[in-house]
Amino acid sequence: MASKMTNCIQDIKTRREELGLSQAELCRRAGLTSSNYVCRLEGGKIAGPSHGTVVAILDALAEAEKETVK
């Protein structure tokens, strides 16, 4: 399970970078109260983010992608 989570986090990081979003900007877009949550997540300091948090981050990435396509 840890390997799948690690892959998911790496995918989030890769997509964030492809979209040119900073970690803090992704936090803001995802509605996270901590502006360094994504930094801690990508750095391995958060072992198991909640399902809701992962969904919020993925939704924020999807919205950012829609903005770049326009």
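The values are calculated or read from the model by the stated rules, or taken from the named source; none is laboratory data. None of these values were measured; they are calculated from a predicted model. Cβ atoms come from the backbone with ideal geometry, glycine included; neighbour counts cover every protein chain shown. Surface accessibility is based on the protein's heavy atoms, side chains included, excluding ligands, DNA and RNA. Shrake-Rupley method; radii C 1.70, N 1.55, O 1.52, S 1.80 Å.
Being in a loop (DSSP other than H, G, I, E, B), farther than 20 Å from V69 by Cα and of a type in the set (G, A, S) is the requirement here; does G44 meet it? Yes; evaluated as a whole, the condition is true for this residue.
Residue by residue, here is whether (1) modelled with pLDDT under 95; (2) β-branched (V, I, T) holds:
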| position | (1), (2) |
| --- | --- |
| L26 | no, no |
| G31 | no, no |
| S34 | yes, no |
| G43 | yes, no |
| I46 | yes, yes |
| S50 | yes, no |
| I57 | no, yes |
| E63 | no, no |
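Taken as a whole, the condition of being open to solvent by less than 60 Å² (accessible area, probe 1.4 Å), at pLDDT below 95 and among the β-branched types (V, I, T) does not apply to V69. Count of the range 3-37 residues, restricted to those that are part of a helix (DSSP H, G or I) and aliphatic (A, V, I, L, M), is 6.
I need the full set of residues from the range 37-66 which are within 11 Å of the chain's Cα centre (by Cα) and open to solvent by 70 Å² or more (accessible area, probe 1.4 Å), in order please. Lay out the reasoning, then the answer.
Of the range 37-66, the ones within 11 Å of the chain's Cα centre (by Cα) are 37-42, 49, 53-62.
Residues satisfying the conditions are R40, L58, D59.
Exactly one residue out of S22, S34 is of a type in the set (S, T, Y), touching a Cys at 6+ places or on another chain (Cβ under 9 Å) and open to solvent by less than 80 Å² (accessible area, probe 1.4 Å), and it is S34. Residue count for the range 10-34 satisfying the condition of being hydrophobic (A, V, I, L, M, F, W, C) and touching a residue at least 40 places away in the same chain (Cβ under 8 Å): 3.
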